[in-house]
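The values are calculated or read from the model by the stated rules, or taken from the named source; none is laboratory data. Predicted, not measured: the structure shown is a model, and the values here were computed from it. Because the Cβ atoms are built from the backbone with ideal geometry, glycine has one as well, and the counts that use them run over all protein chains shown. The area values use the complete protein model at the heavy-atom level, side chains included, leaving out ligands, DNA and RNA. Shrake-Rupley method; radii C 1.70, N 1.55, O 1.52, S 1.80 Å.
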Amino acid sequence: MVLGSVVALAGGVGGAKMAQGLADVLGPDRLTVVVNTADDFEHLGMHISPDLDTVMYTMAGLQNEEAGWGLSEESWGFLDMLDTLGGETWFRLGDRDMATHVERTRRLRAGENLSSVTEDFCARLGVAARILPMTDDPVRTIVVTDNGRIPFQDYFVRQKCRPVVSGFEFKGVDFAELNPHVVAAFQASDLIAVVICPSNPYVSIAPILEVAGSLDSLYAVSAPVIAVSPIVGGSALKGPAAKMISELGDKPSAEAVAAHYEFLADGFVLDQIDCAEAEAIRARGLRVWVTNTVMNTHADKARLAAEIMAFAEEFSGVRASV
Ligand code: FO1
């Protein structure tokens with residue numbers, strides 16, 4: 001494999017698994033993971049960064065495998081007592097996880113920024129790959145639904161994604177400054193690929209792309225941009241991506257995701273179960289790689305990452321000549 005650095009754009013669970021596989025295959029010092037922070041919110045007086053934590057815990061090997069988010073070996077004494085006291089328990093915060101939110105909030109209030117807190121937490125948890133919040137400024141997803149405009153975690157967790165979606169707003173995105181380390185990672189002279197992880201295109205990847213400067217930086221890279229489909233066999237492995245695609249008027253499919261990214265991506269990775277869609281995706285001008293994209297085990301993650309890196313090598317020189 002060609003030596004060089006890789007930037008991955010990630011949301012929560014799918015992004016975290018892909019990032020872990022890439023770190024394994026590349027070596028963590030060659031990987032930068034740019035993480036969505038538009039799912040962040042203030043809750044119980046704390047700053048919660050769900051996607052950052054999912055990526056950080058997964059790369060530290062501390063994730064709760066069953067849920068995909070939160071920590072392993074968790075206990076729930078805080079939440080139980082909060083329930084007894086009549087507090088808000090719809091967003092489940094485990095006792096160990098609470099330490100992350102309490103300490104992050106303390107440090108943000110003391111004037112540190114989210115990038116710096118994340119970098120230090122990663123160092124303490126033994127995560128060698130670079131995990132970057134897309135911005136240090138507040139951006140908050142609002143889901144526009146038949147039940148009104150709903151803050152993301154309220155829609156996702158409290159209302160279990162039930163309202164019918166008609167659009168998304170990323171409050172604050174017009175004032176957000178792209179993390180300067182993200183710009184530097186895109187400009188690295190040894191960049192060999194940008195991987196758009198199999199995360200939700202609308203609420204995980206779109207906020208990253210909407211921060212001013214993000215798309216321009218991406219257009220300027222000569223390395224291939226490769227998107228991995230989060231839709232497998234017409235469903236999302238996790239989360240509401242398929243439901244959102246149909247509510248927005250399309251048929252949930254790998255091709256619908258490819259259509260979403262074709263303005264930006266050079267290559268597209270889809271699951272073997274969807275191989276019948278490969279030709280239509282090629283017709284959109286994307287190179288295609290068909291494989292097993294379901295990441296259940298560590299070996300699955302590493303194999304998929306290795307295949308994506310081999311796929312990226314097929315592009316050498318392609319973008320540079322555009
Ligand atoms: N997701 C849920 O479905 N229910 C929860 O109670 C919940 C709690 C939670 C606590 C901390 C954290 O970091 C993530 C948590 N998540 C929970 C996941 C989170 O809402 C979503 O995974 C992302 O925002 C979507 O990518």
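Values as computed for the structure displayed
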| read-out | value |
| --- | --- |
| Alpha-carbon Rg/Rh ratio, for the range 109-175, with Rh computed the Kirkwood way | 1.12 |
| Full-stretch length increase - residue 259, residue 310 - with 0.36 nm per residue and alpha-carbon distance subtracted | 16.0 nm |
| Mean separation of Cα contacts under 8 Å (6+ apart) over length of the chain, as relative contact order % | 20 percent |
| Simple label model, 7 Å out from Cα along Cβ direction - residue 251 to residue 103, nm | 5.0 nm |
| Stretch gain in nm, segment residue 113-residue 29, where the contour uses 0.36 nm per residue and the Cα spacing is subtracted | 28.0 nm |
| Inter-site label distance for residue 279 and residue 144 at 7 Å from Cα along Cβ, in nm | 3.7 nm |
| Ranked by how many other beta carbons lie within 10 Å on average, peptides 33-40, 132-139 from highest | 33-40, 132-139 |
| Three-way shape label, the range 68-168, alpha-carbon gyration tensor, a/c 1.5 | oblate |
| Cα-based radius of gyration of the chain once divided by 2.2 N^0.38 Å, which approximates compact folds | 0.96 |
| Rounded to 5, percent antiparallel among DSSP beta bridges of the chain | 40 percent |
| Two-decimal Rg/Rh across the range 1-141, once Rg and the Kirkwood Rh are taken from alpha-carbon atoms | 0.98 |
| The chain, helix-only ellipticity at 222 nm - DSSP H runs n ≥ 4, -39,500 (n - 2.57), divided by all residues, nearest 500 | -10500 deg cm²/dmol |
| Rg/Rg_ref, the range 172-272, where Rg_ref = 2.2 N^0.38 Å and atoms are Cα | 1.12 |
| Label-to-label distance, nm, for residues given as residue 212 and residue 183 (7 Å Cα→Cβ offset) | 1.1 nm |
| Sites residue 67 and residue 171, calculated FRET efficiency, Cβ-Cβ separation with R0 25 Å, nearest 0.05 | 0.40 |
| Residue 101 accessible area, assembled protein chains, probe 1.4 Å, Å² | 0 Å² |
| Of 17/238; 243/301; 160/301, those spanning more than 22 Å from alpha-carbon to alpha-carbon | 243/301; 160/301 |
| Contour excess over end-to-end distance, with Cα ends at residue 75 and residue 157 and 0.36 nm allotted per residue | 27.6 nm |
| Accessible area of the chain belonging to carbon and sulfur atoms, whole % at 1.4 Å probe | 52 percent |
| The chain - accessible surface per residue (Å², probe 1.4 Å) | 42 Å² |
| Beta bridges by DSSP in the range 189-270, antiparallel share as percent, to the nearest 5 | 25 percent |
| Residue-wise HN-Hα coupling along the range 218-224, computed from phi with Karplus coefficients 6.51, -1.76, 1.60 (Hz; x: Gly, Pro) | 5, 4, 7, 6, 8, 6, x |
| Max mean-square fluctuation residue, GNM over the chain, Cα-Cα springs under 10 Å, options 11, 233, 21 | 233 |
| Calculated from backbone phi, Karplus (6.51, -1.76, 1.60) coupling profile of the range 29-39 in Hz, x at Gly/Pro | 6, 9, 10, 10, 10, 9, 10, 4, 10, 7, 7 |
